[in-house]
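Presented below is the structure to which this report refers.
The values are calculated or read from the model by the stated rules, or taken from the named source; none is laboratory data. The model shown is predicted, which means the values in this text are computed figures rather than measured ones. Using ideal geometry, Cβ is built from the backbone for each residue, glycine included, and neighbour counts are taken over all protein chains shown. Each accessible area value is taken on the protein alone, full model and side chains, heavy atoms only, with ligands, DNA and RNA left out. Shrake-Rupley method; radii C 1.70, N 1.55, O 1.52, S 1.80 Å.
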Amino acid sequence: MDRAAFYYPFHLCSRACLEHLLSRYALLHFRDYMALQLTPMCGTMAYPDRISDHYSDLYAHGHIMQGHNVSGLLSAEMGERLDRDFGDCDWREIFHSALRSEPRFRRGFAERGEDTAQFGSWLDERWATYPMSLAEVCRMSCRKLDPERALAFEYGLMLVNTSAALWYTIQLCQRLALEAATDSPAHDRLMKRILTRDRLPLSIYLWRQELV
């Protein structure tokens with residue numbers, strides 16, 4: 001067993017997931033927290049912890065590699081990739097369906113992701129086809145918004161965080177010759193859509209905890 005993988009889309013995972021993936025891979029890579037800068041005055045935030053803070057034993061024994069930086073300004077090339085996702089009807093439908101029906105997916109955006117009511121403002125089907133681009137999200141971040149546009153901005157931020165996490169995963173896996181591994185079925189479906197649409201070669205693996 002000499003394969004290595006990159007865990008996505010988050011910078012942390014559960015102990016059960018970690019132990020399962022380490023039974024499959026000799027080494028697991030983790031990104032650092034993702035804090036994206038949309039404009040000089042606005043960006044997303046994340047708690048600056050690392051996987052080694054939670055599983056120091058596995059890190060000490062060399063089973064985990066961390067420190068892959070995915071924070072800061074998005075490049076023009078990355079922006080084009082995000083816009084490709086935002087304009088993809090199939091990708092958007094997968095995203096919106098997961099937001100509506102999968103607590104595991106919603107937990108990536110809020111601590112109370114189990115509570116569907118918290119996301120009630122974005123569960124209407126119209127959001128699946130709401131026109132969105134990275135440039136528009138950036139513009140909205142700089143303005144005082146009416147309630148409707150404020151909802152659009154928050155929905156756009158969820159799209160940005162999801163798409164960016166997937167594309168950074170693809171970049172790092174290609175650069176380091178890694179497989180991509182996750183325990184999130186929704187992100188697995190979103191990743192498969194990108195790889196199929198853009199004809200990108202990448203080995204991916206989904207751990208379905210309920211089957212273990």
What three numbers, in Å, describe the spread of the alpha carbons of region 1-94 along their principal axes, ordered from the longest? 41, 32, 20
Expressed as a percent, the portion of alpha-carbon pairs in region 47-142 spaced more than 17 Å apart is 68
Would you mind calculating the gained length between Q171 and R197 on full extension (0.36 nm times residue separation, minus the Cα-Cα distance), in nm to one decimal? 7.8 nm
If each DSSP helix of 4+ residues adds -39,500 (n - 2.57) and the sum is divided by the residues in the chain, what number results at 222 nm, nearest 500 deg cm²/dmol? -14000 deg cm²/dmol
Kirkwood hydrodynamic radius of the chain from all distinct Cα pairs, in Å? 17.9
What share of the DSSP beta bridges in the chain is antiparallel, in percent to the nearest 5? 10
Which log10 I(q)/I(0) values does region 155-212 give at q = 0.21, 0.25, 0.27 Å⁻¹ under the Debye formula, counting every alpha carbon as one identical point scatterer? -0.84, -1.09, -1.19
Looking at the chain, identify the longest residue range that excludes and avoids all trypsin sites (Lys or Arg not before Pro) in DSSP loops having at most 14 other Cβ atoms within 10 Å. 4-106
Just the number please: accessible area per residue for the chain, 1.4 Å probe, all protein chains included, in Å². 49
Fully extended contour minus Cα-Cα distance, from D49 to E136, at 0.36 nm per residue: 28.3 nm
How much of the accessible area of the chain, in percent, comes from carbon and sulfur atoms when a 1.4 Å probe is used? 52
Sequence-distant residues sharing a close amide H with V70 (under 5 Å, placed H): D32
